[in-house]
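Peer 1: Structure in structure tokens, see below.
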Amino acid sequence: MKIIVPLGELNKKMNAVSAVVPGKTTMPILSMALITADDSGISFSATDLDISVSTRVNGEVEETGKIAVPAKKVAEIVKSLPGGDVAIGAEGEILTIKCGRSKFSVNGRSPEDFPKLPKQDSKTEFTIDSGFLGKMIQKTIYAVSTDLTRPALCGVKWEADRGGILMVSTDGHRLAKVEAKLSLGDIQKSEVIVPPKALSTFKAFAEKAEMIKVSIGDNSISFEMTDVSIYSRLLEGPFPNYQKVIPVKNEKELLVSKDLLSAATKRVSILSDALTHQVIFSVSKDKLTLHVTTQDLGEAREELEATYSEDEMEIGYNAAYVLDILRTMEGDDIAFHLDKPDNAGMVMPVDQGGDLKHLCIVMPLRIN
């Protein structure tokens with residue numbers, strides 16, 4: 001095999017492919033990426049048996065062939081190269097990389113050892129703008145649980161039908177829900193739980209705006225882009241009934257500037273407790289005061305202008321959770337819909353705009 005690939009293209013694709021490769025595995029072949037050069041062009045592939053990715057690479061094929069190579073090590077080598085085109089060759093199980101005056105010989109594996117990439121039997125297929133889908137993923141992926149004893153919460157639930165798509169995630173302390181009214185065609189309704197690694201992999205490759213095909217099978221999902229195919233197993237449910245935790249009596253509305261609240265929360269949380277990250281929100285007429293008192297560190301306080309006309313109260317929130325929510329909100333102002341200090345608060349943009357509806361829920365902390 002002999003190929004020539006521009007360094008920028010090689011670096012981008014190797015980084016994205018190597019992100020799929022598991023950090024630790026009892027099957028050494030899974031730490032490999034498969035480089036294939038044939039009459040149709042150049043492709044890189046990787047899999048951890050749950051998620052598989054194959055991407056076309058722009059370059060010149062001088063001699064066809066294929067080889068399995070240590071993905072993360074090759075990505076590290078490529079990142080270090082000085083610039084220009086990169087000549088890649090393979091003789092047997094040895095990969096050579098040449099760029100400028102640099103030359104590397106890397107021990108690879110036979111391509112026959114590399115796992116065969118899975119094929120999917122789809123029951124639901126639809127097309128959607130990659131940028132729009134990426135925006136929905138960004139608004140939900142941060143709230144996925146990392147508690148492996150509750151596997152259904154370790155992913156983002158998708159509900160798709162002919163009227164649109166809904167995504168929701170929760171870790172028990174917060175919940176993020178985004179719903180888009182779209183015409184997805186005459187598709188069968190599907191409810192699935194997608195692992196975050198599959199969504200992160202999609203976002204790593206979806207750099208240009210294009211219509212992509214999403215296919216959902218009985219236990220898998222795939223994303224087809226112009227030069228990338230991503231396949232992932234789905235997580236098993238059932239997902240909790242999230243509708244039951246969405247408050248219906250939160251009638252006290254607090255309106256505040258998103259940017260001002262974000263900056264103030266970052267500042268006062270510097271002195272917050274390292275474990276709870278608690279910041280107290282004190283709301284009174286047209287004013288929001290953030291304050292922190294930590295015995296070993298000291299105190300911090302900041303006042304913000306706000307719109308509020310209900311009863312005064314104090315609510316404790318994890319500052320990191322609040323900041324995660326604010327980072328995903330669009331528009332200049334956000335609304336907190338509150339009930340009592342010990343009840344969940346709802347957060348949403350004041351101006352939702354368009355066909356995308358975004359809602360977050362955050363549980364309060366007991367004030368020390």
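The values are calculated or read from the model by the stated rules, or taken from the named source; none is laboratory data. As the structure is a prediction and not an experimental result, all values here were calculated from the model. Note that each Cβ is placed from the backbone with ideal geometry, even for glycine, and that neighbours are counted across all protein chains shown.
Peer 1: Tally up the residues in the range 32-50 that are of a type in the set (S, T, N, Q) and either under 22 Å from the mean Cα position of the chain (by Cα) or closer than 17 Å to Ser232 by Cβ (or both), please.
Peer 2: 2
Peer 1: Let me ask you something else. Among the residues of the range 25-49, what is the count of those that are within 14 Å of Asn107 (Cα to Cα) and either surrounded by 18 or more Cβ atoms within 10 Å (Cβ to Cβ) or in contact with a Leu (Cβ under 6 Å, 6 or more places away or on another chain) (or both)?
Peer 2: The number of residues fulfilling the criteria is 5.
Peer 1: Another question, if that's okay. Mind checking which residues of the range 264-280 are in contact with a His (Cβ under 9 Å, 6 or more places away or on another chain) and in a strand (DSSP E or B)? Talk me through it step by step, then tell me what you get.
Peer 2: From the range 264-280, those in contact with a His (Cβ under 9 Å, 6 or more places away or on another chain) are 268-269, 279-280; that's our starting set.
Matches in the range 264-280: Val279, Ile280.
Peer 1: Give, as residue ranges, the strands (runs of 3 or more DSSP E) completely inside the range 183-263 that count at least 1 residues that are more than 22 Å from the chain's Cα centre (by Cα). Let's see the steps before the verdict.
Peer 2: On the way: elements: 190-194, 211-217, 220-224, 228-233, 252-257.
Correct list: 252-257.
Peer 1: I'd like the full set of residues that are closer than 17 Å to Leu175 by Cα and surrounded by 15 or more Cβ atoms within 10 Å (Cβ to Cβ), limited to the range 224-241.
Peer 2: Phe239, Pro240
Peer 1: State which residue is farthest from Leu338 (Cα to Cα) when the search covers only the range 274-309 and only residues that are in contact (Cβ under 8 Å) with a residue 60 or more places away in the chain and surrounded by 18 or more Cβ atoms within 10 Å (Cβ to Cβ).
Peer 2: Checked the range 274-309; the qualifying residue farthest from Leu338 (Cα to Cα) is Gln278.
Peer 1: Right, something else. Could you go through the range 295-309 and let me know if any residue there is closer than 30 Å to Ser130 by Cβ and either in a loop (DSSP other than H, G, I, E, B) or aliphatic (A, V, I, L, M) (or both).
Peer 2: Checked against the condition, which is being closer than 30 Å to Ser130 by Cβ and either in a loop (DSSP other than H, G, I, E, B) or aliphatic (A, V, I, L, M) (or both), the range 295-309 yields no hits at all.
Peer 1: Any residue at all in the range 330-341 that is closer than 21 Å to Val144 by Cβ, surrounded by 15 or more Cβ atoms within 10 Å (Cβ to Cβ), modelled with pLDDT of 95 or more and charged (D, E, K, R)? Steps first, please.
Peer 2: So the first thing to find is which residues in the range 330-341 are closer than 21 Å to Val144 by Cβ, and the list is 330.
Subsequent filtering for residues that are surrounded by 15 or more Cβ atoms within 10 Å (Cβ to Cβ) retains 330.
With modelled with pLDDT of 95 or more added as a condition, the list becomes none.
No, because not a single residue in the range 330-341 is closer than 21 Å to Val144 by Cβ, surrounded by 15 or more Cβ atoms within 10 Å (Cβ to Cβ), modelled with pLDDT of 95 or more and charged (D, E, K, R).
Peer 1: Identify, please: which residue in the range 127-152 is over 23 Å from Leu326 (Cα atoms) and not in a helix (DSSP H, G or I) and is, among those, farthest from the chain's Cα centre (by Cα)? Before you say what the answer is, go through the steps one by one.
Peer 2: Just the residues of the range 127-152 that are over 23 Å from Leu326 (Cα atoms), to begin with: 127-129, 147-152.
When the remaining residues are screened for being not in a helix (DSSP H, G or I), the result is 127-129, 147-150.
Numbers: Thr127: 20, Ile128: 17, Asp129: 16, Asp147: 17, Leu148: 18, Thr149: 21, Arg150: 19 Å.
Selected residue: Thr149.
Peer 1: Could you tell me how many of the residues in the range 123-133 are surrounded by 16 or more Cβ atoms within 10 Å (Cβ to Cβ) and of a type in the set (Gly, Ala, Ser)?
Peer 2: So the answer is 1.
Peer 1: Would you check which residues across the range 39-72 are closer than 13 Å to Asn15 by Cβ, part of a strand (DSSP E or B) and of a type in the set (A, V, I, L, M, F, W, C) and list them?
Peer 2: Phe44, Ala46, Val53, Val57
Peer 1: Going by the structure shown, is Glu312 without any contact (Cβ under 8 Å) to a residue 60 or more places away in the chain and either loosely packed, with under 15 Cβ neighbours inside 10 Å or among the aromatic types (Phe, Trp, Tyr) (or both)? Lay out the reasoning, then the answer.
Peer 2: On the way: without any contact (Cβ under 8 Å) to a residue 60 or more places away in the chain: yes; either loosely packed, with under 15 Cβ neighbours inside 10 Å or among the aromatic types (Phe, Trp, Tyr) (or both): yes.
Here the answer is yes, as Glu312 does meet what is asked.
Peer 1: If you go through the range 314-328 one residue at a time, how many are touching a strand residue (DSSP E or B) at 6+ places or on another chain (Cβ under 9 Å) and either assigned to a helix (DSSP H, G or I) or at pLDDT below 95 (or both)?
Peer 2: 7
Peer 1: Considering only the range 167-175, I want to know if a residue exists there that is among the β-branched types (Val, Ile, Thr) and without any contact (Cβ under 8 Å) to a residue 40 or more places away in the chain. First the steps, then the outcome.
Peer 2: Of the residues in the range 167-175, the ones among the β-branched types (Val, Ile, Thr) are 168, 170.
Restricting the remaining residues to those that are without any contact (Cβ under 8 Å) to a residue 40 or more places away in the chain gives none.
Scanning the range 167-175 turns up no residue that is among the β-branched types (Val, Ile, Thr) and without any contact (Cβ under 8 Å) to a residue 40 or more places away in the chain.
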